[in-house]
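Engineer: Below is the structure I would like to discuss, written out as structure tokens.
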Amino acid sequence: MIGDIHCFSRMSLEYPEKMVFARLGGHLHKTILEGSAAEKVRHAAIHAFSLCRPQGRYCVLPVREVSETGILLTDGSAVSSCDFARKCKNITHLWCAAVTVGVDITEARDSLESVAERAVYDAVGGETADAAMEFMHRKCCRDLLSRGLNLSERRFSPGYGDMPLELQFFLYNLLKMNEMGITLSDRCFMTPEKSVTAFAGITSIQGSVFYDTK
């Protein structure tokens, strides 16, 4: 398991309706849509969701040392971030992950003339990518727990806080994200754009011994 790439080629996700409305600037219990307006938004959102092709990958790497400035892995690689390091003082392993919902939804969005519809497609794509990451994260929490490891509920992504966006290169190569249909520009921007990467810390549960079932 350690160092292996684990793939999620299919994810059974529910349409993240509440989060889509929140991203659009409203909440379901506050926003009142009636008649044809409501039906048009729902139809566009459901169709956009049908174009999402969520898939993901993750890898667990052993940690050598946690310093004030970042995480040093046993292979000599480093994940620099003071904020992340402060949250990972006692970690033994590092969870590295990536998800994407594919290019179909963004291509469909870009072909639309209506600005409002494009906003709906954009919201659905972004929230579905986040939901895919959450789905994989939760599944890994359960799997790692059975092996004596506790996966942090908090994730950190390159480009947020003080974590360098350049760490996208590390994740891209580590997880072979090209096999997911993802490309990475020299400025670290991913295509398809509705793709998400993340790190999370892993600690050993007190009194347990981690074992590798491989």
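The values are calculated or read from the model by the stated rules, or taken from the named source; none is laboratory data. This is a predicted model, so every value here is computed, not measured. With ideal geometry, Cβ positions are generated from the backbone for all residues, glycine too; neighbour counts draw on all protein chains shown. The accessibility values were calculated without ligands, DNA or RNA, using every heavy atom of the protein model including side chains. Shrake-Rupley method; radii C 1.70, N 1.55, O 1.52, S 1.80 Å.
Engineer: I'm trying to understand the selection: among the residues of region 139-171, which are in a loop (DSSP other than H, G, I, E, B) and open to solvent by less than 20 Å² (accessible area, probe 1.4 Å)?
Structural biologist: Of everything in region 139-171, those that are in a loop (DSSP other than H, G, I, E, B) and open to solvent by less than 20 Å² (accessible area, probe 1.4 Å) turn out to be Gly148, Pro158, Met163.
Engineer: Suppose we keep only residues that are assigned to a loop (DSSP other than H, G, I, E, B) and out of contact with any Gly (no Cβ under 8 Å at 6 or more places or on another chain) within region 71-89. Which one would you say is most open to solvent (accessible area, probe 1.4 Å)?
Structural biologist: Ranking the qualifying residues of region 71-89, first place goes to Lys89.
Engineer: While we're looking at this one, here's another question. For region 56-114, what are the residues that are touching a residue at least 60 places away in the same chain (Cβ under 8 Å) and under 14 Å from Ser152 (Cα atoms)?
Structural biologist: Selection gives Val60, Phe84, Lys87, Cys88, Asn90, Ile91, Thr92, His93, Leu94, Trp95, Cys96, Ala97.
Engineer: Which is surrounded by fewer than 20 Cβ atoms within 10 Å (Cβ to Cβ), farther than 21 Å from Leu184 by Cβ and among the charged types (D, E, K, R), of Glu107, Glu127, Glu68?
Structural biologist: Only one candidate qualifies: Glu68.
Engineer: Okay, moving on. Out of region 90-138, which residues are out of contact with any helix residue (DSSP H, G or I) (no Cβ under 7 Å at 6 or more places or on another chain) and not in a helix (DSSP H, G or I)?
Structural biologist: Correct list: Asn90, Ile91, Thr92, His93, Leu94, Gly102, Val103, Ser111, Glu113, Ser114.
Engineer: Select from region 93-115 the residues that are at pLDDT 95 or above, more than 17 Å from the chain's Cα centre (by Cα) and polar (S, T, N, Q) and list them in ascending order.
Structural biologist: Across region 93-115, the qualifying residues are Thr106, Ser111.
Engineer: Could you say whether any residue in region 30-53 is modelled with pLDDT under 80 and surrounded by 13 or more Cβ atoms within 10 Å (Cβ to Cβ)?
Structural biologist: yes
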